[in-house]
Protein chains: 2
Amino acid sequence: VILCVCLNAALDVTYHLDGELRAGASHRVASQLQRAGGKAINVARLLVDAGSVAAVLAPVGGDTGTMIRTQLAAAGIESQLIEVDGVTRRTLTVVDSRDATVFNEAGPHISEPEWALLLSTFDEQVSGADLVVLAGSLPPGIPADAYRQLTEIAAARGVPSIVDAEAQALALALTGHPYLVKPNLAELATVIGGPLTSPAQIAAAGRELQRRGATNAVISCGSAGLVAVSDSGCWLARAQVMTGNPTGAGDALTAALALGTLADMPWPQRLRDGAGMSAAAVADPVAGHVDPQLRAELTARALVEVIDLPERVA
Amino acid sequence: VILCVCLNAALDVTYHLDGELRAGASHRVASQLQRAGGKAINVARLLVDAGSVAAVLAPVGGDTGTMIRTQLAAAGIESQLIEVDGVTRRTLTVVDSRDATVFNEAGPHISEPEWALLLSTFDEQVSGADLVVLAGSLPPGIPADAYRQLTEIAAARGVPSIVDAEAQALALALTGHPYLVKPNLAELATVIGGPLTSPAQIAAAGRELQRRGATNAVISCGSAGLVAVSDSGCWLARAQVMTGNPTGAGDALTAALALGTLADMPWPQRLRDGAGMSAAAVADPVAGHVDPQLRAELTARALVEVIDLPERVA
């Protein structure tokens, strides 16, 4: 089982407009969707759809929390949902005839006892897990080094962790020696700095993530592809560039890398899968969902090339 | 008691952003508010704040409905809330550093038995009322002539109705002979047509509302003021033009006109009060609330002049 930890779960609401969103105007919502989300929940959905077994650990509260509980059960995802006093946040995506505009609520405050309960529940659950995915933002009240703490608990049980975080949460997670971190270019820039123009520059920054504690790093570079810096080499992987909704592409990459890690695939294959699955996610209007046929086609046509960098000095 | 019928109640959510809303971008919500709303509920709040007694009749459902129930009780507003199967809608107003962008959900579908229950509850409640306010949009499932039906039931009990509706709901309401209709210029244009540039033209269109069944009409013309066409004359009323949030100005006008009707004030005084109260509502960031001091000042300085039109032919 892949244990997906979603510290800032969300009810993802999508409003569809018939015309264009205009700042300062009044709009009629033509249709709407509500879907349990947050990065780690999206990853869990993709894993289950791909035939793997995923479990979600998340704090939830209020009526939005109840809806997440109901939806995860309906999706056949085992979950350990810790009831908290705060109300689970919503995210709103307004889709008009041109593109998507996103509003992210901050999330409920998590108290110290609630965080302690999350840690002890994680400690119980992780011994039965093969792999841990830690993905998404941290709600108010949770310590900035939460991902470091969870990574260390997992490591003490011999379970590797994949971390998808940004800024300080990522920087602190590195010191817990995660198996893999998966920043995008902007997140890499905030932690390591630039320039990050060429694949070699990006790989060199990935090497710095390794020096700071990560065993492996995969950096998503939008339409330029993926750069991987692993314990066994550096690669650039690219799939066909799709138009659509980039929200969720990172979660699809995380899911593919989790599957590749679990199966102990060679790195080039993990990256081909990652590039194909994230491109398929861009083409899908719903975050946390890909069309399996399109995914297979894009993966088959994805290209992986070696980036020539000095090998890592242990 | 003034019975305020809110067929499409809403939980009005406000997101405050630190920067500007940009279509296609991702935004962090800095703070948020949730408030029971819908036009007739805003009117009821203003009436209670002004020392009058208001009751709300509304269909509500889901967790948004529960929040409306809780908030109305806390505001000291008697309410007859009919539990329906659908979920009460939200409206979202995104306030950035420049202005307000609004997204209106359509509202739950109201079934035939639910509408029948609303009608019979209205019939019971209206005999104890002095005045009825019918304000706001109609949710899916409610017949287009709902306001006509309610106006006729009220009239059969000898209770006058004030109607704030748009388009077809307004056009059909007229045939129920409401005591007063209160369209804005755009709503008047959809029902009667133009040109609606001068006060005399607007008053002439108001006369047409009378010919179609309304006893009186007050047309709100934004910064140009109010035009009233009554059974005893026509007037133009203007208050100081305030900058701020025009959402809720119409509800403040309705509340002032309801108070004036209940007290049987001379029309010029009703209009001075309406102009002052709606100008004070523009200056207030929250729909359904005005500062009483500002309201008094703006009302004292409001100007009313006679519009010279041929008297109504009965």
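Applying the set (1) open to solvent by 50 Å² or more (accessible area, probe 1.4 Å); (2) closer than 30 Å to residue B:91 by Cα; (3) not in a loop (DSSP other than H, G, I, E, B) to residue B:272 leaves exactly one unmet item: (2). Against the test of being more than 16 Å from residue A:182 (Cα to Cα), part of a helix (DSSP H, G or I) and modelled with pLDDT under 95, the options A:313, A:286, A:290, A:282 yield a single qualifying residue, A:282. Only residues that are closer than 20 Å to residue A:80 by Cβ, open to solvent by 10 Å² or more (accessible area, probe 1.4 Å) and either within 9 Å of chain B (Cβ to nearest Cβ) or not polar (S, T, N, Q) (or both) were counted in the stretch A:43-53, giving 3.
Note on the stretch A:137-172: among residues that are open to solvent by less than 10 Å² (accessible area, probe 1.4 Å) and under 26 Å from residue B:30 (Cβ atoms), the one that is nearest to the chain's Cα centre (by Cα) is A:164. As for the stretch A:97-108, it holds no residue that is more than 30 Å from residue B:95 (Cβ to Cβ) and either open to solvent by 50 Å² or more (accessible area, probe 1.4 Å) or away from chain B (no Cβ under 14 Å) (or both). Six or more apart or on different chains, Cβ atoms under 9 Å: show the pairs whose first residue is in the stretch B:22-42 and within 14 Å of chain A (Cβ to nearest Cβ) and polar (S, T, N, Q) and whose second is open to solvent by 60 Å² or more (accessible area, probe 1.4 Å) and not in a loop (DSSP other than H, G, I, E, B). What qualifies is B:31/B:16; B:32/B:16.
Checking each residue in the stretch B:54-68 for being open to solvent by 20 Å² or more (accessible area, probe 1.4 Å) and in contact with a strand residue (DSSP E or B) (Cβ under 7 Å, 6 or more places away or on another chain) picks out only B:67. Could you look through the stretch A:157-170, keep only residues that are in a helix (DSSP H, G or I) and small (Gly, Ala, Ser), and pick out the one that is farthest from residue A:55 (Cα to Cα)? Applying the filter and picking the extreme gives A:167.
Scanning the stretch A:11-23 finds no residues that are under 22 Å from residue A:128 (Cβ atoms) and open to solvent by less than 60 Å² (accessible area, probe 1.4 Å). Within the stretch A:115-126, residues that are farther than 14 Å from residue A:155 by Cβ reach partners that are open to solvent by 20 Å² or more (accessible area, probe 1.4 Å) and of a type outside the set (A, V, I, L, M, F, W, C) with beta carbons closer than 9 Å, at six or more positions or on different chains, in the pairs A:115/A:141; A:115/A:143; A:119/A:149; A:121/A:80; A:124/A:80; A:125/A:80. Going through (1) within 14 Å of chain A (Cβ to nearest Cβ); (2) loosely packed, with under 15 Cβ neighbours inside 10 Å one by one, residue B:112 falls short only on (1). If you go through the stretch A:223-262 and keep only what is surrounded by fewer than 18 Cβ atoms within 10 Å (Cβ to Cβ) and within 14 Å of residue A:47 (Cα to Cα), you end up with just A:262. The strands (runs of 3 or more DSSP E) found wholly in the stretch A:181-254 and carrying at least 2 residues that are free of Cβ contacts under 8 Å to residues at least 60 places away in the same chain occupy A:216-220, A:226-230.
The values are calculated or read from the model by the stated rules, or taken from the named source; none is laboratory data. This is a predicted model, so every value here is computed, not measured. Glycine gets a Cβ as well: all are built from the backbone with ideal geometry, and neighbour counts include every protein chain shown. Ligands, DNA and RNA are stripped out before the accessible areas are found, and what is left, the full protein with its side chains, is counted by its heavy atoms. Shrake-Rupley method; radii C 1.70, N 1.55, O 1.52, S 1.80 Å.
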